Amino acid sequence: MLTVAVLISGAGSNLRALLEAAAEPDYPARVVVVGADREADGLAHAEEFGIPSFTVPWREFTSREEWGDELGTQLDVWKPDLIVLSGLMRLLPPSLVARFTPRIINTHPAYLPEFPGAHGVRDALAAGVAQTGASVILVDDGIDSGPVLAQERVPVLDSDDEHTLHDRIKPVERRLLIDVVRRVATGELELAAARRPLTPS
Ligand code: GAR
């Protein structure tokens, strides 16, 4: 059984979808812990499913590295096989990525490498594209720059605003995430094979 840690910053709707999938007896992965960089609303989903959680508040640390060190210490307690960034709106420090790679994946509400960063949905709308998408990637030390593990297009409607478009992207993200985690758990998808070398420091 693949053990998974999920890191969030917000509502955690994608986390909830993964928790629901993992509660099915034939799903080959289990969420063992949920972490957040703030008192995220989504931590309530962990509590509801009886999954332990922790918070490493970004604001209490003076540097990204110190915050990342504490995050790594917390993750070490649970020794997860896989770490899923599911709406974690912080860049992990390179030291933490190097320590856990290739076992960190990220969901993103755009068809990467299009529209990376914190505002993937807003940026797609501002660019006036006819379609955007959802992606699940392997995390490297760049901003949403890791190898794509799964992605799918989502059309942009004339009537869309950021909220309606994001609401149509999220179900696609959830489906892709649940499938990628399942394929990692069964060995169908080998993260080590998908990995590219990290930038030398
Ligand atoms: C998701 O769409 C996720 O891809 C996005 O935040 C949302 C979290 O929603 N992450 C990023 O944009 C990271 N660059 P949720 O908290 O309801 O799951």
Say we look at segment 1-58 and pick out the residues that are aromatic (Phe, Trp, Tyr) and assigned to a loop (DSSP other than H, G, I, E, B); which of these is nearest to residue 73 (Cα to Cα)?
49
Counted residues, segment 87-132 - those being more than 11 Å from the ligand (Cβ to nearest atom) and either in contact (Cβ under 8 Å) with a residue 12 or more places away in the chain or part of a helix (DSSP H, G or I) (or both)
25
In the list 47, 24, 39, which residue meets the criterion of being within 15 Å of the ligand (Cβ to nearest atom) and surrounded by fewer than 15 Cβ atoms within 10 Å (Cβ to Cβ)?
39
Scan of segment 50-61 for residues that are modelled with pLDDT of 95 or more and exposed (fewer than 13 other Cβ atoms within 10 Å of the Cβ), ordered by number
50, 57, 60
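Scanning segment 6-21 for residues that are closer than 22 Å to residue 58 by Cβ and small (Gly, Ala, Ser), which turns out farthest from the ligand (Cβ to nearest atom)?
By that ranking, first place goes to 9.
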Looking only at residues that are outside any helix (DSSP H, G or I) and out of contact with any Ser or Thr (no Cβ under 7 Å at 6 or more places or on another chain) in segment 65-84, which one is surrounded by the most Cβ atoms within 10 Å (Cβ to Cβ)?
84
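The values are calculated or read from the model by the stated rules, or taken from the named source; none is laboratory data. Values in this document were obtained by computation on a predicted structure and should not be read as measured data. Note: ideal-geometry Cβ built from the backbone for every residue, glycine included; neighbour counts use all protein chains shown.
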